[in-house]
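The values are calculated or read from the model by the stated rules, or taken from the named source; none is laboratory data. Everything numeric in this text was worked out from a predicted model, so none of it was measured. Quick reminder, even Gly has a Cβ in these numbers, built from the backbone with ideal geometry, and neighbours come from all protein chains shown. The protein model used for the area step is the full one, side chains on, heavy atoms only, and it has no ligands, DNA or RNA in it. Shrake-Rupley method; radii C 1.70, N 1.55, O 1.52, S 1.80 Å.
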Amino acid sequence: MQHRGFLLLSLLALLALTSAVAKKKADCKYKFENWGACDGGTGTKVRQGTLKKARYNAQCQETIRVTKPCTPKTKAKAKAKKGKGKD
């Protein structure tokens, strides 16, 4: 009975490992432009990426758009002031 449990556990571990490897290898690689200016209306920045490499028959889009929230300007100024006072 213990041998069956060990065999079943080994089989599950092997399946999990092969699944993780497959996910890691079948991906799309993009070359991205620089971030655009902050859009005041939406509070986000946008950049575009063009497909550089598709691996292992992955279904990839030729171009993608990525957004992220704009960082507040006051935060950047506060970091600059902290850095100057450390000398």
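Miscellaneous remarks
- In percent, rounded to a whole number, the relative contact order of the range 23-70 is 41, using alpha-carbon pairs under 8 Å and six or more apart.
- Per-pair calculated FRET efficiency, R0 = 35 Å: ASP27 and THR71 via Cβ, rounded to 0.05: 0.80
- Residue-span extension gain [GLN2 to ARG55] - 0.36 nm each, minus C-alpha spacing: 15.0 nm
- When LYS53, LYS68, LYS45 are compared by accessible surface with a 1.4 Å probe, the order from highest to lowest is LYS53, LYS68, LYS45.
- Each residue of the range 52-59 was assigned a 3J(HN,Hα) from its phi angle through the Karplus expression (A = 6.51, B = -1.76, C = 1.60, θ = phi - 60°), giving 9, 7, 10, 9, 6, 6, 5, 8 Hz with x at Gly and Pro.
- Which of ASP27, ASP39 is most accessible, then next, and so on - probe 1.4 Å: ASP39, ASP27
- As a calculated quantity, the FRET efficiency between THR63 and ALA37 at R0 = 22 Å, using C-beta atoms, amounts to about 0.65.
- Portion, in percent, of the accessible area of the range 23-70 that falls on carbon or sulfur, probe 1.4 Å: 45 percent
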